[in-house]
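Visitor: My questions all concern the structure below.
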Amino acid sequence: PEEILCFDYQTSITEVSEKAMDRSSNALYDDIVVTKEGHLFGSVSIRSLLMTLASVQSQIASSLNPLTKLPGNRMINDHLKELLSHEKFAVLYVDLDQFKAYNDVYGFSAGDKVIQETASILQANAVKNHGFVGHVGGDDFVVLLYSWDFEIICEQIIANFDQSILSFYNEEHREQGYVKTENRKGEIEEIPLVSISIAVVTNRFRPFDSVDGIVNYAAKIKKECKTHRCSCFISNQFVTC
């Protein structure tokens with residue numbers, strides 16, 4: 001018989017599953033012994049564990065944005081609710097300006113690559129600061145930070161984006177700094193290159209007791225962001241381009 005598997009109750013289900021899957025198919029109905037502080041806590045069959053893991057993975061996959069593989073709206077909302085209990089937090093609502101014009105000129109496939117690059121930039125900067133990144137949809141993202149130290153992060157995101165976005169344009173458009181396409185009135189207009197806007201909401205100067213309160217406050221700041229024709233972030237009445 002194969003050796004009995006024994007784990008502490010705090011061991012991750014992924015770690016347990018990896019070791020369980022190394023065993024032969026004949027051992028699928030064997031039990032895993034679970035301990036807590038050195039004492040017997042319970043047991044579960046390998047088959048039940050693997051079925052549970054598959055169910056969890058399926059639920060997570062269904063909650064991810066198919067383009068960026070980032071958490072979608074349901075997981076974002078759960079994290080926002082949890083964020084309210086923290087003493088310090090900053091919520092960064094991120095979207096792209098002039099993105100429609102880019103899609104019109106270069107096509108949706110190229111636009112998808114810009115979205116994926118934006119996701120990578122946000123993730124890279126959030127991970128370094130123990131943050132969470134979610135993809136609301138389209139060119140809208142959210143970054144959750146568990147501190148008020150958002151300025152350097154926003155500046156780095158903007159620097160990374162402004163440098164990276166140039167590679168998505170041809171040489172002519174890069175040099176002139178705009179593309180020509182129809183505006184909403186059907187008129188040909190010179191549209192600036194895509195930029196990134198970040199509306200920042202923190203609980204540093206005012207408390208929030210609901211997710212709706214954060215979202216509504218962010219909507220007001222985003223309107224101000226849209227008045228600046230450059231990559232920028234705004235929070236508490238200041239703007240940095």
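Visitor: Gly107 fails exactly one of the following numbered conditions: (1) surrounded by fewer than 20 Cβ atoms within 10 Å (Cβ to Cβ); (2) farther than 24 Å from Gly177 by Cα. What is the number of that condition?
Guide: With (1) surrounded by fewer than 20 Cβ atoms within 10 Å (Cβ to Cβ); (2) farther than 24 Å from Gly177 by Cα applied to Gly107, the lone miss is (2).
Visitor: While we're here: Could you count how many residues in the stretch 174-222 are polar (S, T, N, Q), more than 18 Å from Cys154 (Cα to Cα) and in contact with an Asp or Glu (Cβ under 7 Å, 6 or more places away or on another chain)?
Guide: As a first pass, look at the stretch 174-222 and keep what is polar (S, T, N, Q): 176, 181, 183, 195, 197, 202-203, 210, 216.
Still in the running and more than 18 Å from Cys154 (Cα to Cα): 176, 181, 183, 210, 216.
Then keep just the ones that are in contact with an Asp or Glu (Cβ under 7 Å, 6 or more places away or on another chain); that gives 181, 183.
Within the stretch 174-222, residues that are polar (S, T, N, Q), more than 18 Å from Cys154 (Cα to Cα) and in contact with an Asp or Glu (Cβ under 7 Å, 6 or more places away or on another chain) number 2.
Taken together, the values in this text are just the output of simple stated rules run on the coordinates, not laboratory data. As the structure is a prediction and not an experimental result, all values here were calculated from the model. Here Cβ is always computed from backbone atoms with ideal geometry, including for glycine, and neighbour counts include all displayed protein chains.
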